[in-house]
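Visitor: Would you mind keeping the following structure in view while I ask a few things?
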Amino acid sequence: MKRYRFDYIREWVDKWNPQVPRTVEQMEMLPWDVLLPWVSLDENLKMTISPAKDHYWDDIEDLDEWLRQRSEYIKNLANEYETLRNEGK
């Protein structure tokens, strides 16, 4: 199973105003930042299919798996932020 990277989500969230809650719900609303697959024709009129690309321009082999891993990453990130917030009290 291919592991996808989502470090850009942390980078984006770190730039948020401190008043914005770092919750799963807030982070799930971030753009996917995915270039969807497309079909085109080459010079011989042969159909070519380009796979979806992620933020880092890596091929997304399985969009469902990519979504599952993104959701998992966001849940873990929200837990990290919650832990940091609780330690800061």
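The values are calculated or read from the model by the stated rules, or taken from the named source; none is laboratory data. The shown structure was predicted, so the numbers you read here are calculated from the model rather than taken from an experiment. Ideal geometry is used to build each Cβ from the backbone, glycine not excepted, and the neighbour counts take in all protein chains shown.
Visitor: Please go through (1) of a type outside the set (Lys, Arg); (2) assigned to a loop (DSSP other than H, G, I, E, B); (3) more than 24 Å from GLU11 (Cα to Cα) for THR48 and return the number of the only condition it doesn't satisfy.
Guide: With respect to (1) of a type outside the set (Lys, Arg); (2) assigned to a loop (DSSP other than H, G, I, E, B); (3) more than 24 Å from GLU11 (Cα to Cα), THR48 is out only on (2).
Visitor: Turning to a different aspect of this structure: Can you name the residue in region 12-70 that is polar (S, T, N, Q) and either at pLDDT 95 or above or surrounded by 11 or more Cβ atoms within 10 Å (Cβ to Cβ) (or both) and, of all such residues, is nearest to TYR81 (Cα to Cα)? Give the steps one after another, and end with the answer.
Guide: If we filter region 12-70 for residues that are polar (S, T, N, Q), which is where we start, we get 17, 19, 23, 26, 40, 44, 48, 50, 69.
If we keep only those that are either at pLDDT 95 or above or surrounded by 11 or more Cβ atoms within 10 Å (Cβ to Cβ) (or both) as well, we get 17, 23, 26, 50, 69.
Values: ASN17: 14, THR23: 8, GLN26: 12, SER50: 37, GLN69: 18 Å.
By that ranking, first place goes to THR23.
Visitor: Turning to a different aspect of this structure: Only one residue in LEU77, LEU67 is under 13 Å from the mean Cα position of the chain (by Cα) and in contact (Cβ under 8 Å) with a residue 24 or more places away in the chain. Which one?
Guide: After applying the criteria, what remains is LEU77.
Visitor: Right, something else. Within region 1-41, track down each residue that is of a type in the set (A, V, I, L, M, F, W, C) and part of a loop (DSSP other than H, G, I, E, B).
Guide: First, pick out the residues of region 1-41 that are of a type in the set (A, V, I, L, M, F, W, C): 1, 6, 9, 12-13, 16, 20, 24, 27, 29-30, 32, 34-36, 38-39, 41.
Within region 1-41, MET1, PHE6, TRP16, VAL20, MET29, LEU30, TRP32, VAL34, LEU36 meet the criteria.
Visitor: Just a yes or no: is a residue in region 51-71 on the phi < 0 side of the Ramachandran plot and touching a strand residue (DSSP E or B) at 6+ places or on another chain (Cβ under 6 Å)?
Guide: Narrowing region 51-71 to residues on the phi < 0 side of the Ramachandran plot: 51-56, 58-71.
Checking the rest, the ones that are also touching a strand residue (DSSP E or B) at 6+ places or on another chain (Cβ under 6 Å) come to 51, 53.
Checking region 51-71: at least one residue is on the phi < 0 side of the Ramachandran plot and touching a strand residue (DSSP E or B) at 6+ places or on another chain (Cβ under 6 Å).
Visitor: Output yes when any residue across region 62-80 is part of a loop (DSSP other than H, G, I, E, B), within 20 Å of MET1 (Cβ to Cβ) and of a type in the set (Asp, Glu), and no when none is.
Guide: Of all residues in region 62-80, those part of a loop (DSSP other than H, G, I, E, B) come to 62.
Next, only the ones that are within 20 Å of MET1 (Cβ to Cβ) stay: 62.
With of a type in the set (Asp, Glu) added as a condition, the list becomes 62.
Yes, some residue in region 62-80 is part of a loop (DSSP other than H, G, I, E, B), within 20 Å of MET1 (Cβ to Cβ) and of a type in the set (Asp, Glu).
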